[in-house]
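Below you'll find the structure, written out as structure tokens, and then a few comments.
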Amino acid sequence: MPKQRSRKPRKIKRRIKRDNLGIYLMVGFMAALALWYLVKDPLPEPSMESSSARSSDKETTSKKNERKSKVKLGKKPDSTDKPKTERSAEPASQLQKVVDIDLDKAITNTIAKLGIPQNYFKRRKSGNQISFSIPIDKTQMDLTYANMIFKGDLERQGAVLVKGSDSSGKQVLLFRSRKKPQEYLITLFYDSKLYEKKSNPRTIAIVIDDFGAISGDLLDGFLELDPSISFAIFPDEPHSVETMQRAKAQGRTSLIHIPMEPIGYPSVNPGKNALLVQYDQAQIERILNRAISKLPDCVGINNHMGSLATTDETLMQTVMTTLKKHDKFFLDSRTSNVSVGYSIAQKAHLRSFRNDLFLDSPNISQSNLDAKLTQILELSATKSNIIAITHCHNKEKLDYLKRFIAKLKAAGFTLVPLTEIGKYKVPEIL
């Protein structure tokens, strides 16, 4: 057999085998690729897809039917039927309107809180600015106080203070809204003539000093006076505790009458356990703590004498620190024109009061009574709340005080407890 015939079949057979191997590799690669794709991102199950589609179709159909039925019945569709884009746009505009209304309303609310009649202030709008002209009664408060009230109220409502100015008899505040370019201009100014037309109640608080030594009929007579009158009681007298207890039973305000060093000491004797300028802090605290423990129902103190002690800043600072620990107030009897007691009490953020006049000084004559009444009437022109001090030494002073009270009431004054002074027409700071 020739060699060519035996070689050709073998060559053809090898070529056929190599071609089949390439096809097998290609098919295997395609199968692996398909399997990887299915594992990486599996298709959703047909049953779930079809059921969610059917449920969404049902919801859409039911909502359409609801809207159609409401239209047929003459009802407006619910706000919830609106597209989401419409609902998201509404709250922003509504919030802006609420803020603008609240700022305008906050100003009028503060005006009312300050006791300013509605027909006294003026409101004007020009473009994006609303202006308020607000008159302030100088006898009731100063401009800075009113300024502070307005600033606090408006900032709590979301207003922004742009600027403020202060000139003689006038303060101006400019606020703006956070939501849109709306401005509020507030002008505060004094107008005494305007408030002359307004009838303001005149009040007077009377404090009677030196209780603790008297008893019997004389004490009973003073206890029969109007319970608005306050008693100042010495801490170390035989009837001090009894007087405190009986005053409390009446609902009457009582104070501890603390002896303090006068200018003429020791020739002028202030009494037992007086506060002297030579005492250190520990001695002052010990005297005050002892007095407070003996008369715990007394809600404050005032000074007996003390024309020197009340001018000593170091001594008075110790007094105020001690009173603050016991939550007691301080009444400066003002036995000295240069007393620092009231100012130091205010700096210590302690509730404090200041005497305006002594009713029974220099005597209890009729001419003195008339002179003191005239003085009170003059004071009431600039002060609506007046504080006066007198004493309980004898029946003559009791009778004098009764006549004085009758004259005060006839002049239109109202007796109030000392603790109520300052609550009339003075709003709280929020």
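Taken together, the values in this text are just the output of simple stated rules run on the coordinates, not laboratory data. Note that the coordinates shown come from a computational prediction; the quantities given were computed from them, not determined experimentally. Ideal geometry is used to build each Cβ from the backbone, glycine not excepted, and the neighbour counts take in all protein chains shown.
The table below gives the values:
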quantity: Residue-wise HN-Hα coupling along the stretch 347-356, computed from phi with Karplus coefficients 6.51, -1.76, 1.60 (Hz; x: Gly, Pro); calculated: 5, 7, 6, 9, 4, 8, 9, 9, 5, 9
quantity: For the stretch 402-408, 3J(HN,Hα) per residue [Karplus equation, 6.51 cos²θ - 1.76 cosθ + 1.60, θ = phi - 60°, Hz, x = Gly/Pro]; calculated: 4, 5, 5, 4, 4, 5, 4
quantity: Estimated FRET transfer efficiency (residue 283, residue 242; beta-carbon r; R0 30 Å; 0.05); calculated: 0.60
quantity: Packing-based exposure ordering (other Cβ within 10 Å, fewest first) of 124, 351; calculated: 124, 351
quantity: Computed lengthening from residue 327 to residue 268, 0.36 nm per intervening residue step minus Cα-Cα distance; calculated: 18.1 nm
quantity: Calculated diffusion of the stretch 328-405, Stokes-Einstein form, Kirkwood radius summed over Cα pairs, 20 °C and 1.002 mPa s, µm²/s; calculated: 154 µm²/s
quantity: In order through the stretch 162-167: 3J(HN,Hα) via Karplus (6.51 cos²θ - 1.76 cosθ + 1.60), integer Hz, x for Gly, Pro; calculated: 7, 6, x, 9, 9, 9
quantity: Of 113/383; 324/347; 272/402; 294/325; 294/328, pairs whose Cα-Cα distance is over 21 Å; calculated: 272/402
quantity: Pair residue 347, residue 382: separation of 7 Å Cα→Cβ label points (nm); calculated: 2.4 nm
quantity: Rough spin-label spacing in nm, given labels placed 7 Å along Cα→Cβ, for residue 166 and residue 218; calculated: 5.1 nm
quantity: Amide H contacts under 5 Å for residue 300, placed H, 5+ residues apart; calculated: 256, 329
quantity: Within the stretch 169-192, backbone nitrogen closer than 17 Å to the virtual label 7 Å beyond the Cα of residue 131 toward Cβ; calculated: 170-176, 182-190
quantity: Estimated distance in nm for a label pair at residue 122 and residue 402, the labels positioned 7 Å out from Cα along Cα-to-Cβ; calculated: 5.5 nm
quantity: In Å, descending, principal axis extents of the Cα set of the stretch 89-192; calculated: 50, 24, 24
quantity: Cleavage-rule hits, trypsin sites (Lys or Arg not before Pro), the stretch 233-307, DSSP coil, Cβ neighbours within 10 Å at most 12; calculated: 272
quantity: Largest-first principal axis extents of the Cα set of the stretch 202-420 (Å); calculated: 49, 39, 34
